[in-house]
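Working notes, structure below.
The values are calculated or read from the model by the stated rules, or taken from the named source; none is laboratory data. Nothing here was measured: the structure is a model prediction, and the numbers come from that model. FYI the Cβ positions are ideal-geometry reconstructions off the backbone, even for glycines, and counts take in every protein chain you see. Note: areas computed on protein heavy atoms with side chains; ligands, DNA, RNA excluded. Shrake-Rupley method; radii C 1.70, N 1.55, O 1.52, S 1.80 Å.
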Amino acid sequence: MEYQNRQKEYYKSFPKVELHRHLEGSLRLSTMREIAQQYDLDLPHDDVPKFRSLVQVIEGEQFNFQNFLSKFTTLRNFYQSPEIIRQVTREAIADAALDNIRYMELRFTPVALTRIKEFPLSEAMDWVVETAEAVSKEYSITTRLIASVNRHESIELAEEVAKLAVERMPRGIVGIDLAGSEAEFPGAEFEPVFRHAQESGLRVTIHAGEWGGPEMIDLAINTLHAERIGHGVRVLEDQNVVRLAREKQIAFEVCPTSNYQSGVVAALADHPLPQMIDAGLLCTLNTDDPGISRIDLSDEYEIGSKVLGLSEQELIELVLNAVHYSFLPDEEKILLKEKIQREIMEFLRG
């Protein structure tokens, strides 16, 4: 098919929507090196290959979830000031806009942003919220925020983040997320936090079926009230869970490169996204952590086409699914869908 031979610029120009991108996984390498030098961090900022290996996935290292998550341990050292948190928020949204992303739900982990300098959670969340609003206007991209909590951290912290997120719903926070190693921390004990958050108006997305099996997807849906599943690529291992996801119209936030680099799939060509689509599951395409993975969303669409063999119409459906299963209010969702459909038609006409 001719479209599968197209160059990166084709996918760059394609109007896109992203639902699963972590702020803490979106830092520019150049920014991190500048911060390391400015704050005299114990990191080899002058040795670019060595520095890169601490904060990004590189060829030749082991692709497993322990190595992937280890990057975040280093990344927590960079949030040295309110100005830095504002800067990385600004750059993450600017990079998305430059990749022709029209709407993005950017998730951020307040505990990760505050731990090293013990900033108040409320203030750090305000820095992200305020910056996201201003930068989105500047770059003509619509951005909404999802507050993320980690399975390995306390329920009390999650409750505080959820409460603060609810208070900031009028300012652009639309959802709450549970992340971290599901293989070690399934997370059922967080049920009251997510139930109360949902009852207060926040939407719920849960990382599941990535490093844990399909039973984690079942838990996310039936116990943690998930409306969307982050990753979920192991769903096909249990047809009962496939049926559950179809019946409840659960959307999957699929991130092929991340799944490969974290050892979930042995090779990109083995990624189950095409099989998930064939099984009638509602899928979207996302980056997860573009800074860590050294990619952008255009790369994921190119992989979808050239490596996974998705048709042009299937790529379009992934974009429209992302619109439909976004956490926008229905009236805003209708307007976004009309805009995206119009831009896709204009794009296809050349």
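With the requirement that a residue be open to solvent by less than 10 Å² (accessible area, probe 1.4 Å), under 22 Å from Val319 (Cα atoms) and in contact with a strand residue (DSSP E or B) (Cβ under 9 Å, 6 or more places away or on another chain), what does the range 72-107 give you?
Of everything in the range 72-107, those that are open to solvent by less than 10 Å² (accessible area, probe 1.4 Å), under 22 Å from Val319 (Cα atoms) and in contact with a strand residue (DSSP E or B) (Cβ under 9 Å, 6 or more places away or on another chain) turn out to be Ala92, Ile93, Ala96, Asp99, Ile101, Tyr103, Met104, Glu105, Leu106, Arg107.
Can you report the number of residues in the range 259-311 which are open to solvent by less than 10 Å² (accessible area, probe 1.4 Å), of a type in the set (D, E, K, R) and not in a helix (DSSP H, G or I)?
2
Taking the residues in the range 59-71 that are farther than 18 Å from Glu34 by Cα and not in a loop (DSSP other than H, G, I, E, B) as candidates, determine which candidate is most open to solvent (accessible area, probe 1.4 Å).
Kept after step one, since they are farther than 18 Å from Glu34 by Cα, are these residues of the range 59-71: 59-70.
Filter again for not in a loop (DSSP other than H, G, I, E, B), leaving 65-70.
Values: Phe65: 42, Gln66: 111, Asn67: 35, Phe68: 4, Leu69: 53, Ser70: 48 Å².
Result: Gln66.
Which condition breaks for Gly350 when tested against (1) closer than 27 Å to Glu182 by Cα; (2) surrounded by fewer than 15 Cβ atoms within 10 Å (Cβ to Cβ)?
For Gly350, the exception is condition (1).
Residues that are farther than 30 Å from Glu317 by Cα and either among the hydrophobic types (A, V, I, L, M, F, W, C) or in contact with a Leu (Cβ under 9 Å, 6 or more places away or on another chain) (or both): does the range 8-29 have at least one?
yes
Take the residues in the range 33-58 that are under 30 Å from Gly232 (Cβ atoms) and either assigned to a helix (DSSP H, G or I) or modelled with pLDDT under 95 (or both), then tell me which one is least open to solvent (accessible area, probe 1.4 Å).
The initial filter retains those residues of the range 33-58 that are under 30 Å from Gly232 (Cβ atoms), namely 52-58.
If we keep only those that are either assigned to a helix (DSSP H, G or I) or modelled with pLDDT under 95 (or both) too, we end up with 52-55, 58.
Working: Arg52: 60, Ser53: 36, Leu54: 61, Val55: 1, Ile58: 41 Å².
If we take residues in the range 33-58 being under 30 Å from Gly232 (Cβ atoms) and either assigned to a helix (DSSP H, G or I) or modelled with pLDDT under 95 (or both), then Val55 is least open to solvent (accessible area, probe 1.4 Å).
Mind listing whichever residues of the range 218-239 are closer than 8 Å to Phe252 by Cα and of a type in the set (Gly, Ala, Ser)?
Of everything in the range 218-239, those that are closer than 8 Å to Phe252 by Cα and of a type in the set (Gly, Ala, Ser) turn out to be Gly230, Gly232.
Can you report the number of residues in the range 174-198 which are within 18 Å of His231 (Cβ to Cβ) and open to solvent by less than 20 Å² (accessible area, probe 1.4 Å)?
Total meeting the criteria: 11.
Tally up the residues in the range 134-174 that are outside any loop (DSSP other than H, G, I, E, B) and either of a type outside the set (D, E, K, R) or in contact (Cβ under 8 Å) with a residue 60 or more places away in the chain (or both), please.
So the first thing to find is which residues in the range 134-174 are outside any loop (DSSP other than H, G, I, E, B), and the list is 134-139, 142-150, 155-167, 169-171, 173-174.
Right, trim to either of a type outside the set (D, E, K, R) or in contact (Cβ under 8 Å) with a residue 60 or more places away in the chain (or both) and you get 134-136, 139, 142-150, 155, 157-158, 161-162, 164-166, 169-170, 173-174.
Residues in the range 134-174 being outside any loop (DSSP other than H, G, I, E, B) and either of a type outside the set (D, E, K, R) or in contact (Cβ under 8 Å) with a residue 60 or more places away in the chain (or both): 25 in total.
Quick check on my filter: what residues within the range 175-209 are acidic (Asp, Glu) and either in contact (Cβ under 8 Å) with a residue 12 or more places away in the chain or part of a strand (DSSP E or B) (or both)? Even if it seems obvious, please write down each step before you answer.
Of the residues in the range 175-209, the ones acidic (Asp, Glu) are 177, 182, 184, 189, 191, 199.
Passing the criteria: Asp177, Glu182, Glu184, Glu189, Glu191.
Restricting attention to the range 154-173, which residues are β-branched (Val, Ile, Thr), more than 25 Å from Glu332 (Cα to Cα) and open to solvent by less than 10 Å² (accessible area, probe 1.4 Å)? Talk me through it step by step, then tell me what you get.
In the first step, residues of the range 154-173 are kept if they are β-branched (Val, Ile, Thr); the result is 155, 161, 166, 173.
Filter once more, so that each one left must be more than 25 Å from Glu332 (Cα to Cα): 155, 161.
The answer is Val161, and nothing else.
Residue check: is Glu118 open to solvent by 10 Å² or more (accessible area, probe 1.4 Å), at pLDDT 95 or above and in a helix (DSSP H, G or I)? It would help to see each step written out before you state the result.
On the way: open to solvent by 10 Å² or more (accessible area, probe 1.4 Å): yes; at pLDDT 95 or above: yes; in a helix (DSSP H, G or I): no.
Considered against the rule, which asks whether it is open to solvent by 10 Å² or more (accessible area, probe 1.4 Å), at pLDDT 95 or above and in a helix (DSSP H, G or I), Glu118 comes out as no.
Could you list all residues from the range 272-301 that are polar (S, T, N, Q) and within 21 Å of Pro15 (Cα to Cα)? Break it down into steps so the answer makes sense when it comes.
Within the range 272-301, the first condition is being polar (S, T, N, Q), and the residues that meet it are 275, 284, 286-287, 293, 298.
If the condition is that a residue be polar (S, T, N, Q) and within 21 Å of Pro15 (Cα to Cα), then Thr284, Asn286, Thr287, Ser298 are the ones that fit.
Testing Gly201 on (1) surrounded by fewer than 18 Cβ atoms within 10 Å (Cβ to Cβ); (2) under 19 Å from Val264 (Cβ atoms), one condition comes back false. Which one is that?
It is condition (2) that Gly201 fails.
Please specify each residue of the range 4-32 satisfying the condition of being open to solvent by less than 40 Å² (accessible area, probe 1.4 Å), of a type outside the set (Ser, Thr, Tyr) and not in a loop (DSSP other than H, G, I, E, B).
Of the range 4-32, the ones open to solvent by less than 40 Å² (accessible area, probe 1.4 Å) are 10-11, 14-27, 29, 31-32.
Next cut, of a type outside the set (Ser, Thr, Tyr) only: 14-25, 27, 29, 32.
Hits for the range 4-32 are Lys16, Val17, Glu18, Leu19, His20, Arg21, His22, Leu23, Glu24, Gly25, Leu29, Met32.
Quick check, is Glu105 acidic (Asp, Glu), outside any helix (DSSP H, G or I) and touching a residue at least 24 places away in the same chain (Cβ under 8 Å)?
So Glu105 passes the test.
Can you run down the residue pairs with Cβ atoms below 9 Å, 6 or more apart or on separate chains, where the first is in the range 321-350 and more than 21 Å from Ser13 (Cα to Cα) and among the polar types (S, T, N, Q) and the partner is surrounded by fewer than 16 Cβ atoms within 10 Å (Cβ to Cβ) and at pLDDT 95 or above?
Taking only residues 6 or more apart or on different chains, the pairs are Ser326/Glu332.
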